[in-house]
1. Could you tell me whether region 133-145 includes any residue that is of a type outside the set (S, T, Y), farther than 30 Å from T263 by Cα, free of Cβ contacts under 8 Å to residues at least 12 places away in the same chain and open to solvent by 20 Å² or more (accessible area, probe 1.4 Å)?
2. Residue by residue through region 49-66, note down the ones that are within 22 Å of R234 (Cβ to Cβ) and open to solvent by 80 Å² or more (accessible area, probe 1.4 Å).
3. Filtering region 164-215 down to residues that are over 23 Å from N106 (Cα atoms) and of a type in the set (K, R), which residue is farthest from the ligand (Cβ to nearest atom)?
4. Residue pairs, Cβ under 6 Å, 6 or more apart or interchain, first in region 211-222 and without any contact (Cβ under 8 Å) to a residue 12 or more places away in the chain, second more than 11 Å from the ligand (Cβ to nearest atom) and not basic (K, R). List them.
5. Any idea which of (1) closer than 30 Å to H63 by Cβ; (2) free of Cβ contacts under 8 Å to residues at least 40 places away in the same chain; (3) more than 10 Å from the ligand (Cβ to nearest atom) is the one V265 doesn't satisfy?
6. Among the candidates G170, G127, G152, which residue alone is among the small types (G, A, S), out of contact with any strand residue (DSSP E or B) (no Cβ under 9 Å at 6 or more places or on another chain) and over 26 Å from P32 (Cα atoms)?
7. Mind checking which pairs have a first residue in region 90-117 that is closer than 12 Å to L34 by Cβ and a second that is open to solvent by 20 Å² or more (accessible area, probe 1.4 Å) and of a type outside the set (S, T, Y), Cβ under 6 Å, 6 or more apart or different chains?
Amino acid sequence: MRRLSGKIVRDHVLERIKKKMQELALKGDRVPGLAVILVGSDPASETYVRNKREMCLSLGFVHFDYRFDEDASQDELLDLIDRLNEDDRVDGILVQLPLPKGFDENMVINRINPDKDVDGFSPANVGRLSQGQDCFIPCTPYGIMEILSFYGIETDGKRVAVVGRSNIVGKPMAMLLMSKGVDATVTVCNTHTKDLRPITMESDIVIVATGRPGTLDASMVKDGTTIIDVGMNRIEDSTKEKGFRLVGDCDYPSFKDRDVSITPVPGGVGLMTVMMLMVNTFKAYERRMGR
Ligand code: NAP
């Protein structure tokens, strides 16, 4: 089994952005700004928001932190987005999903100016992605493309199974893989897929994003397969200080003696997601500065 470390790829991309930040500092330009909005206190969301803040600060971006109680009104949230859309110091706006019950996620995401939509979830960005136009690529699939490219994993003419069809992972992932220049042959699976095994078995690359541990095990792939495990599942574990551990959607130990390449959880795709958010924020900044 070959372990595809996300950390190595993350550090590689990080160096690229750090270099650009040094160039900005030499010119004395303003720095990129990212606004992150969290509604409620979901523990996983709190962790994601903290990671984003730490990454922003370590790069020298300006970080604007906004928090609402779970019982805040949607209008308050929309008002804030309107203000951030107009704020020249803010290049990117991110609303941490999922929102608590009662919020209309589509309406909220739609309200973000597409030029500041660094998560790439707005219909304008999704439309651009599907048409192969310049856009903000959703961070998780974008990070996966970086991993494939860094490790020299060929996609041209390859068969890829994407297991999961969510708007934030599965669908944009499939769109990227089938785009011109990437040129994979893609099968997208969901819970109605009758039998995953024959599909994953004939695939050169399998991308698993189901949120269900054990979705893919070693009996479901052929030798030489590249496996990207997107899953991030908290499993109760009393031996851990926090009372849980993180596992992916793949049965990682089952691949130990197989001739496959696989991303670990943690230490794989998750690190790239935060990194690509910074890449998108830098891109939004450059566009707004007319570069
Ligand atoms: P989601 O919105 O719940 O979507 C899960 C998808 O998987 C659905 O399309 C579902 O099908 C499909 N699915 C579930 N079980 C399946 C099975 N046995 N066979 C085939 N398809 C199956 O989840 P998500 O937001 O895409 O996230 C997926 C996982 O990735 C979660 O663990 C999440 O925490 C993780 N994640 C990680 C990152 C990261 O940075 N590493 C980022 C985002 C998400 P239906 O549509 O039919 O229900």
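The values are calculated or read from the model by the stated rules, or taken from the named source; none is laboratory data. These numbers come from a predicted model, not from an experiment. FYI the Cβ positions are ideal-geometry reconstructions off the backbone, even for glycines, and counts take in every protein chain you see. Note: accessible area is taken over every heavy atom of the protein model, side chains too, but ligands, DNA and RNA are not part of it. Shrake-Rupley method; radii C 1.70, N 1.55, O 1.52, S 1.80 Å.
1. no
2. R50, R53, E54
3. K180
4. Final answer for the pair search is none.
5. (3)
6. G152 is the lone residue from the list that is among the small types (G, A, S), out of contact with any strand residue (DSSP E or B) (no Cβ under 9 Å at 6 or more places or on another chain) and over 26 Å from P32 (Cα atoms).
7. Correct list of pairs: D91/R288; L94/D119.
A quick yes/no check of all residues on (1) within 17 Å of the chain's Cα centre (by Cα); (2) surrounded by fewer than 17 Cβ atoms within 10 Å (Cβ to Cβ):
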position: R234; (1), (2): no, yes
position: T239; (1), (2): no, yes
position: K242; (1), (2): no, yes
position: R245; (1), (2): no, yes
position: D249; (1), (2): yes, no
position: Y252; (1), (2): no, no
position: D259; (1), (2): no, yes
position: G267; (1), (2): yes, yes
position: G270; (1), (2): yes, no
